[in-house]
Every structure is written in structure tokens, then in C-alpha cells.
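Written below as C-alpha cells is the structure these notes are about.
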Amino acid sequence: MEPRIPGDARLPGEARLQRMAEPEGTIAAETRTLVVGPYPARRGAEAARPGAGRPPEARLDEAVGLAAAIDLDVVDHLMLPVQAIRPSTYLGKGRVEEIAGRIAAESVRLVVMDCALSPVQQRNLEKAWGVKVIDRTGLILEIFGRRASTREGALQVEHAHLAYQRSRLVRSWTHLERQRGGFGFLGGPGETQIEADRRLIQERMTRIERELETVTRTRGLHRQSRRRVPYPVVALVGYTNAGKSTLFNRLTAAEVRAEDLLFATLDPTARAIKLPHGETAILSDTVGFISDLPTMLIAAFRATLEDVIEADFLLHVRDMAHEDTQAQGQDVQAVLAELGIAPETDRIIEVWNKADLLDAPERERLLNLSRQAGAKPVLISALTGEGTDRLLARIEARIAESRASFALVLEPTEGAGLHWLYENAEVLDRREDAGGQLHLVVRIAPEKEPRLLNRFGTARRLRTGGDAIRR
């Protein structure tokens with residue numbers, strides 16, 4: 001039978017690509033969805049993978065939360081133990097038939113499989129069930145497509161989506177369903193020629209890559225500008241919905257979107273914060289991490305994540321009220337390792353968030369743990385502000401440990417030298433004596449120390465960076 005050619009297939013190439021990127025909030029809200037968690041038993045080396053010990057119930061709850069993040073109408077969810085993955089359908093024949101019955105009974109239009117499906121597996125399940133099927137990668141890409149609000153974010157998401165879709169262009173009319181909406185996962189049927197689509201997708205990806213090169217250069221220039229300012233950069237990292245944006249708003253008085261929603265924040269934001277003794281730091285809010293984050297997304301967001309890589313310090317925010325907090329922490333460490341950041345580095349300060357949701361015994365237990373030598377996490381509630389003063393003090397102390405402080409005296413006529421200090425160092429203390437001389441304590445980044453010592457030969461290094469702030 002000749003396949004039906006929808007209106008989308010008759011559109012010019014660029015118009016069809018734009019049609020694939022239309023908003024689809026209405027479609028999602030009307031899409032009756034079944035979430036399936038097909039979780040294989042983990043054995044041997046696989047069981048040692050970060051996050052592998054996560055209970056299947058928690059994994060399924062997270063998958064349902066991901067579906068809810070784009071307003072899908074989740075009418076049912078199902079957890080299936082998988083003994084062996086089938087190359088053709090991922091699930092065994094009996095399971096496929098069981099789910100087909102549930103799809104018919106619930107009038108389901110979309111099945112979300114919380115796993116990574118091959119193009120063949122996805123196509124065969126769609127044939128067997130007669131509905132659209134997306135896997136975990138496709139769902140996360142759809143969420144990112146909804147959340148991207150800046151030009152940079154939209155480009156990065158679109159590039160990742162096109163790379164994913166290109167791998168799905170297999171020789172089957174039934175699979176070539178053009179979807180209306182976000183990035184083409186949830187809407188109605190259609191088709192177009194495989195080779196034409198591959199060419200269009202590759203051309204679009206090439207153009208996006210060129211635009212992202214410009215974005216990368218611009219971000220690099222911004223980072224260079226920040227380096228010229230003597231303010232350390234502190235980046236928030238953590239599992240999605242750990243409370244990073246709430247903490248960011250608490251510390252900066254900003255109004256970044258902060259909701260009890262997975263991936264509420266996608267585009268990075270930076271603001272200045274004041275530390276207890278008046279010093280300034282730059283705080284950066286970033287996208288949340290998640291288990292099994294698609295590699296293509298990590299690659300696409302490399303320009304954004306470079307802000308994490310280049311930061312002086314990282315605040316690893318953890319949701320301590322979540323039953324799966326340990327596994328979530330391991331997943332974040334795994335992504336940081338992919339970015340070349342070792343979990344044991346001194347750059348990371350662990351922040352135990354959501355203390356307001358803990359009962360009294362658990363809160364006391366975590367407080368005692370946080371006081372133990374060597375661990376040094378900070379227990380806070382970003383929502384109520386509890387513990388944020390301790391967190392700011394910890395940030396300031398960590399900065400003091402990494403930067404040298406100097407005491408120096410300037411004559412009243414050395415205005416140019418005073419200006420240089422304010423431009424290139426942090427002036428921690430300033431006093432004027434009866435003769436008009438200025439007595440200063442400054443803290444400076446290691447790369448600028450030689451310039452300071454060359455310009456101010458009488459500068460005296462203080463014993464530790466911490467001495468300068470205990471005045």
C-alpha cells in the first residue's frame with residue numbers, strides 16, 4: 001500500500017524542520033501516556049556502576065516525574081523486571097502482549113519506556129502496540145526542548161535532538177512519523193523521504209555547529225572578562241530538582257525559575273553575591289544532572305558546562321530528604337568525572353539541602369555528620385534560609401585557603417596604586433593613620449601575585465588566607 005503523504009511532507013525542507021519544533025503543550029496535555037519501567041537485573045561489574053543500586057520503584061517514580069515535567073497525562077505506570085533484553089523488542093513476547101492489552105484498555109496514545117531503545121526496538125514496539133513509543137533519551141530531549149529559553153540553549157537542544165533523530169531514520173514507512181511539537185516526539189503521523197531528511201538534518205546540524213562555535217567564543221570572552229575581575233566563580237551543580245535554583249535565589253535575591261519540577265532550570269544564570277566579610281563572588285546556576293543523562297546532551301551542552309569546568313569552586317547541592325539521595329550524588333559525581341572533575345577535589349563543597357523536610361532525629365544525625373572532621377558538608381534549607389550563613393562562611397573560608405593575603409602601606413599620593421589594587425585584588429581591610437598613610441590587607445589570585453609583588457615591593461605576605469578575614 002502506498003503510504004499516506006501528510007501536509008508536512010509537502011512543505012519545503014526548512015519549513016518542515018521548523019514544524020518539527022513547534023510548541024506542543026496542548027498535545028502533551030491531551031496525550032494519554034503509559035510509563036513503563038523495564039529494569040534488568042544488574043550483575044557483576046554492571047551492579048557496581050554509579051546509581052545501579054537505585055531501587056526500581058525510585059527509578060519508575062523519576063520516570064513518571066519526567067513525563068509530568070512536560071505535562072503528559074500519565075494514566076498508568078508499570079514496572080517490569082527484565083531477565084534478558086530482546087534485540088528486536090527489548091521485552092519478551094508475553095510482556096509486549098500484556099502491555100498491548102493495557103494500552104487498549106486505557107486508550108493510551110504514547111508509551112514512555114524508561115530505558116535506551118535502539119531504532120529497531122522502538123520501531124517494532126510501535127508496530128506491536130499501534131502507538132507512539134519514546135525512550136528515556138527522547139523524553140529528556142523533549143523536556144530540554146521545552147525548557148530552553150535562550151538562543152544558546154535552544155541551539156544546543158536542537159543539535160542534540162537532530163543527532164538523536166538522525167539515528168532513528170531507518171527504512172520503514174511506519175517509523176517515519178513526523179511529529180508536531182517540541183522536537184518531534186509526541187504528535188501525529190506523517191512521513192518524508194529518508195535520504196532527503198538525512199540531508200536536511202545534516203545541513204541543519206552543520207549550521208547549528210557554526211552558530212555554537214560563535215557562542216563558545218563569546219562565552220570564552222565572558223570568562224576572560226570575569227578572570228580580569230578579582231572575583232572567584234562558584235557554580236551550583238547537583239541532581240535535577242535538588243534545590244539549586246531555590247538556593248541561587250536565596251543567596252542572590254534573584255528570581256530564577258524554581259519549582260518542584262524536574263529540569264525546571266536549563267539556561268545558566270550568574271549573579272554576584274556578598275560573602276560575610278564583604279567580599280564578592282560570582283554564583284552560577286546550571287542545569288541539573290540526572291542518571292543516564294544522554295551522552296549527546298553532555299556534548300551539546302559542553303559550552304554551557306564549561307562554566308562548571310572553569311569555576312573556582314563547585315557547590316554540590318543534594319536533596320537529603322529524597323530516599324535516593326546517595327545514588328543521586330553518585331550520578332552527579334559520574335557526570336562531573338566525564339567533565340574531568342574528580343569527585344575528591346578540594347574545589348567541591350557538598351551542600352545538604354532540604355533540611356526543612358527532615359524529621360528532628362534525622363536532622364540532628366546529619367548535623368552531627370556535617371561537623372565531623374574531613375567531611376565538612378553544610379546542612380541547609382534553601383527554602384527557609386536555615387544554614388545559608390554557614391554556607392557563605394564555608395565558601396569564604398575555602399576561598400581564603402586558596403588565595404594569599406598581603407598587608408601593605410600606601411602613601412597618600414599613590415592613587416594609581418590604590419586603583420590597581422581595587423581592580424586586581426580583593427581589599428579586605430583599609431585603615432588610614434594620622435599621617436594619611438593607608439594600611440591595607442588584600443587577597444589576590446595566585447596568577448596575579450607576581451604583578452602585585454613587582455609593583456608593591458614592601459607587601460608582606462600574611463601567614464594564611466584566613467588570617468585576613470579574622471579581623
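The values are calculated or read from the model by the stated rules, or taken from the named source; none is laboratory data. The structure displayed is predicted, hence computed values, not measured ones. With ideal geometry, Cβ positions are generated from the backbone for all residues, glycine too; neighbour counts draw on all protein chains shown.
Assorted remarks:
- Candidates 166, 95, 178, 146, filtered to the one that is surrounded by fewer than 19 Cβ atoms within 10 Å (Cβ to Cβ), at pLDDT below 90 and either part of a loop (DSSP other than H, G, I, E, B) or not assigned by TED's automatic domain parsing to the domain that holds residue 289 (or both): 166
- Flag if residue 427 is touching a helix residue (DSSP H, G or I) at 6+ places or on another chain (Cβ under 8 Å), modelled with pLDDT of 85 or more, of a type in the set (Val, Ile, Thr) and surrounded by fewer than 19 Cβ atoms within 10 Å (Cβ to Cβ): yes
- Breaking point among (1) modelled with pLDDT under 80; (2) more than 14 Å from the chain's Cα centre (by Cα), for residue 301: (2)
- Flag if residue 367 is part of a helix (DSSP H, G or I), closer than 30 Å to residue 280 by Cβ and at pLDDT 85 or above: yes
- Only a single criterion out of (1) at pLDDT 80 or above; (2) under 20 Å from residue 328 (Cα atoms); (3) of a type in the set (Asp, Glu) is not satisfied by residue 211, namely (2).
- A Cβ distance below 6 Å, combined with a sequence gap of six or more or placement on separate chains, defines the contacts here; from the range 70-91, residues that are farther than 18 Å from residue 117 by Cβ reach residues that are among the hydrophobic types (A, V, I, L, M, F, W, C) and assigned to a strand (DSSP E or B) in the pairs 74/35; 76/34.
- Yes/no for residue 382 being in a loop (DSSP other than H, G, I, E, B) and more than 18 Å from residue 312 (Cα to Cα): yes
- Some residue of the range 345-357 being modelled with pLDDT under 90 and part of a helix (DSSP H, G or I): no
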